[in-house]
Amino acid sequence: MRVKAKMAAMILPLFFLLGIGLTILTGQWQTESSKVPAKFNDGELAGEYNPADIRGSYTLGDLEKAFGIPVATLAKAFGFSNSEDQAQVKVKEFEELYGLIDGKEVGTDSMRFFIALFLDRPYTAEEDTALPQPAFNILKKETNLSEEVLSSIEKKVVSLLDTPHASPDSQNQDDNVLLEIKGKTLFSELLDQGLTEDQITAALGGIPMGEPSVSVRDFCADQGIEFSAVKSAIQKLLDQQM
């Protein structure tokens, strides 16, 4: 039995409306694209949001809702503390703003990596993914990541200072920049970071610090002091100043 054209014209819209009504009742109807990442399907993290599914179109507000990390923390980690509306900053803006720094990219994968580390969730970042220095500082201060993990990700850390297209906020983050103690680090650099001569002397085991132009490692070698122990003590002092 054929359905007349007029009858079909009446039935099809009815089916369409019934379909919409059903999706609304079941909670599946959405008027705009979802800004909610996928969840882990199994294991201890089953039901938790997966950082690997973060998209560039997500805002910092979307990420706070999904992962519980305050917008202010996310903004600070990526140089947007002074943004007028931090919650509306989109992840894809990082790549547009910073681009490549020392051959590494600050972009969407950087946010995935940061959130995974912050929440101690599994994620393997791309080889060329960068981690901004402020983000690394936050991980050191606010998480329980082991020294081994922190050391393994240091190679991905880049400074947001003096980047060609840096935001006004990233150009003024002296309070967020943590000096990385290396063999060539000078005593003058430690003083510039706000450490006092007394603090440095204490880190040296009571031996007065050398001339400002002398490197910490060379001084330790001359004095027969273990550089690694001094480095660790000085790094703790710097961490406390953040």
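Structure summary
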| item | result |
| --- | --- |
| R121 - accessible surface, heavy atoms, 1.4 Å probe, Å² rounded to 10 | 40 |
| Nearest-10 value in Å² for the accessible area of S81, using the 1.4 Å probe | 40 |
| Average accessible area per residue (Å²) across the range 47-158 - probe 1.4 Å, nucleic acids and ligands excluded | 46 |
| Gained length - E211 relative to Q223, 0.36 nm times residue gap less alpha-carbon distance | 3.0 nm |
| Radius ratio Rg over Rh of the range 187-241, counting only Cα atoms, Kirkwood formula for Rh | 0.91 |
| Segment E197-A38, length gained on full extension (0.36 nm per residue, minus Cα span) | 52.1 nm |
| Overall dimensions of the range 47-158 by Cα: Rg and Dmax, Å | 12.8, 37 |
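The values are calculated or read from the model by the stated rules, or taken from the named source; none is laboratory data. As the structure is a computational prediction, the values presented were derived from the model and not from experiment. Accessible surface is based on the protein model in full, side chains and every heavy atom, while ligands, DNA and RNA are left aside. Shrake-Rupley method; radii C 1.70, N 1.55, O 1.52, S 1.80 Å.
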